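The block underneath contains the structure these notes are about, expressed in structure tokens.
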């Protein structure tokens, strides 16, 4: 746990740009340390892009922003082979995905075909172009932003795409006091233009390795798997969580424990992360939708019925 000081500096650094959104920052770091990908869904102007850029500036590593539009092509993401007339061979021209942190801005404004170009990269940390596979640099994270689907000019993300995002959150509007601070900084021209990095990519890789060493008690594993199984049986859900969701939730709770300086997980880690990790992976039944049920409420009802394991002192 030698990196706890660096984690605190990362949070404080990002808060210089994103006022009053510590929980969203913590979810972002949990996703990064767990080796997952983050989906930010919210209305325009609440700081989705700012959060992604602040994280990129906080870490001394490569960063690319892809502004998705209806005419963005898969090759813009993955790259393509270009014929070199001097050498007489095809050479790989890197796409925007070949970097450490990718900001997929307004991902639901591009076509499903282009969205699908991210699938291999997000799951296997590699891209295949013309039959040749290229490894992505480490660490690697996709931070995607999207506006709600009822906005004009947007496409629903397919289930396979959603399932590859470890966590989905909404930043939400700021509290009145935080918005006042933003206004004061704006009037006094005190906005921070760019953040200085406080960690390097080697440190992030070492933190990710330490996260995998966090102890998860067998009772907690059973608690997680029971919860996931129940999502497949509940009458309000037509498509339950996948096995990938089980593994994502386990890794996320390890990252949360690590973020809080613990070498072990506790039930509260699962209760905190169950909704942001699972809600976007399920599909409600037509009857539940007709009753205007919400994924968050359905999941909370399910997990509330499962007995919480009681761990021993050293668990």
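Every read-out reported here was derived from the displayed coordinates using simple, explicitly stated rules and does not represent laboratory data. Note that the structure is a prediction, hence the values are computed from the model and not measured. Neighbour counts are summed over all protein chains in view; Cβ atoms, including those assigned to glycine, are modelled from backbone coordinates with ideal geometry.
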To the nearest 0.05, the calculated FRET efficiency linking residue 209 and residue 247 through their beta-carbon distance, R0 being 25 Å, is 0.90
Radius of gyration and Dmax over the Cα atoms of the stretch 213-304, both given in Å: 13.6, 44
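Which shape class, rounded, prolate or oblate, goes with the chain when its Cα gyration tensor gives a ≥ b ≥ c as root eigenvalues, a/c under 1.5 marks rounded, and past that a/b bigger than b/c marks prolate? Working shown, then result.
Working: a/c = 1.36, a/b = 1.22, b/c = 1.11.
It is rounded, given that a/c, with a ≥ b ≥ c, falls under 1.5.
Taking neighbour Cβ counts within 10 Å as the exposure measure, how do 9, 218 sort from fewest upward? Display every interim value, and only then the final one.
Numbers: 9 14, 218 9.
Final ranking by Cβ density, sparse to dense: 218, 9.
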The stretch 36-57 scanned against label point 7 Å out from residue 173 along Cα→C-beta; backbone N under 14 Å for 43-47
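Got a sec? How would 132, 143 order by Cβ neighbour count within 10 Å, fewest to most?
On the way: 132 10, 143 27.
With the sparsest Cβ surroundings first, the list reads 132, 143.
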Label point distance in nm, residue 263-residue 71, each placed 7 Å from Cα along Cα→Cβ: 5.8 nm
A correct fewest-to-most ranking of 38, 73 by other Cβ atoms within 10 Å would be 73, 38
As an exercise, use a Förster radius of 51 Å and the Cβ-Cβ distance of residue 184 and residue 292 to find the FRET efficiency, rounded to the nearest 0.05. 0.80
Taking the chain as a Gaussian network, Cα atoms linked when under 10 Å apart, which of 253, 89, 19 shows the biggest mean-square fluctuation? 89
What distance in nm separates the simple spin-label points at residue 222 and residue 84, each placed 7 Å from Cα in the Cβ direction? 6.0 nm
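Shape call for the stretch 152-221 from the C-alpha gyration tensor, a ≥ b ≥ c root eigenvalues: rounded (a/c under 1.5), prolate (a/b greater than b/c) or oblate? Can you show the working numbers first?
On the way: a/c = 2.12, a/b = 1.40, b/c = 1.52.
It is oblate, given that a/c is not under 1.5 and a/b is not larger than b/c.
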What is the stretch 57-99 by shape, rounded, prolate or oblate, if you read a ≥ b ≥ c off the alpha carbon gyration tensor as root eigenvalues and call it rounded for a/c under 1.5, prolate for a/b larger than b/c, and oblate otherwise? oblate
May I ask you to derive the relative contact order of the chain, considering only C-alpha pairs under 8 Å and at least 6 residues apart, and to give it as an integer percent? 22 percent
